[in-house]
Amino acid sequence: MDTDVLDTLGIKNAVLELPEQIEESLASIGEIVGLPDPSRIENVLLLGMGDSGFGGEVAAASARSFSPVPIVVYNGYLPPSWVGPNTLVIALSNSGTTEETLESLEAAVEAGASLLAVTGGGELEALAHRGRGVVLTVDRVVEMPRMILGLLAVPPMLALEQLGLFPGARSWLSEAVEVLKRRRDAVLGADNPAAAIANRIGSTVPIVYGGGVIGATAAKRWKVAYNHNAKVPAFWAPMPELCHNELVGWGGNPAATRELFTQVHLRHDAEHPQTSFRFEFVRSATVDAMHDIVEITALGDGPIAQLFDLIFLGDLVSLEAAAMRGVDPGPLPEVEALKHWVG
């Protein structure tokens, strides 16, 4: 089935532009003026909700293992109590009107934190300026921020690089661009791996497992992409934590779960050796309780390229699943209804 037929918002074309979005950000962002003195930064907090916030999660997952200070992601109304003058707060909202992010940033302003806003404008831009912060403008305000992951995730990564908290970010991102183009060529070819994976999952519910911060971040994106694009339930869990709880549940009723669930294992080179062992154990322990177990190996060299590759492929698999179900991947009526619900 043509995945463009029911795609009223052009989600697929936007997803396929991810490498160009990264290139666009790399080309447009040079030296960022107004960032705080790096020696004053004791911690970094990334704020954001939904798909805008996921750009912050990608930035944090990419930078965390390189950074000499803690990098924390927060999704909610009030930031942690430790936010203060030695905190760099990076707030992401494509629209600039996300209420949770605005309230959190307001509290950060009052706490004296240094501010960086990645936004298309709106109240977030005005608030950042009032707090004497830096604004990196996203020049595309879209109805669905999942369409511009590259434009949201890259600016905070480059800011962290300039502050000495993410050495080599620009070169890692350049490598990711090349990997994503190779993956795109494969998906657009005759042997489309995204379609093959979607067919294996079929009408079952995907349970996505990823190891470490790279695998876990990608697994969360797969779950959300299936929710948003295919309009079906999906779940994710981090390896090895799931071995201490979720794993136990798969032995309860294998005859029932075998009809309902497919595990998806996201693998990458940055896994701890014991995590690799855990994947093997989980496969052997749950294979009889699953419709299928699909293992996916990231393309590319380095954790950043592999993270983006796993995310990119997951988005495309979810779009193939939407096409199989005959649903439009774009609109999210339940999310829109929530914004107007008064209870």
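What the table below lists for this structure:
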| item | result |
| --- | --- |
| Residues listed by number, region 135-149, amide nitrogen under 13 Å from I32 label point at 7 Å toward C-beta | 135-138 |
| Phi to ³J(HN,Hα) by Karplus 6.51 cos²θ - 1.76 cosθ + 1.60 over region 275-280, Hz, x for Gly, Pro | 5, 4, 4, 4, 4, 4 |
| Cα long-axis angle, helix 169-187 against the chain (0 to 90 degrees, to the nearest 10) | 30 |
| Fewest-first sequence of R184, R221 by Cβ atoms within 10 Å of each Cβ | R184, R221 |
| Fewest-first ranking of H244, H268, using other Cβ atoms within 10 Å as the exposure measure | H244, H268 |
| Protection proxy ranking of 11-24, 203-216 - average other beta-carbon atoms within 10 Å, highest first | 203-216, 11-24 |
| Most positive-pole-ward Cα, V282, W222, A298, against dipole of region 192-325 from beta carbon charges | W222 |
| Karplus-derived HN-Hα couplings along region 285-297 (A = 6.51, B = -1.76, C = 1.60, θ = phi - 60°), whole Hz, x at Gly and Pro | 7, 10, 4, 6, 9, 10, 4, 6, 10, 9, 9, 10, 9 |
| Other-chain or far-sequence residues with amide H under 5 Å of G76's (modelled H) | G48 |
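No value in this document is a laboratory result; all are computed from the given coordinates. Nothing here was measured: the structure is a model prediction, and the numbers come from that model. Positions of Cβ are backbone-derived with ideal geometry, glycine not excepted, and every protein chain shown enters the neighbour counts.
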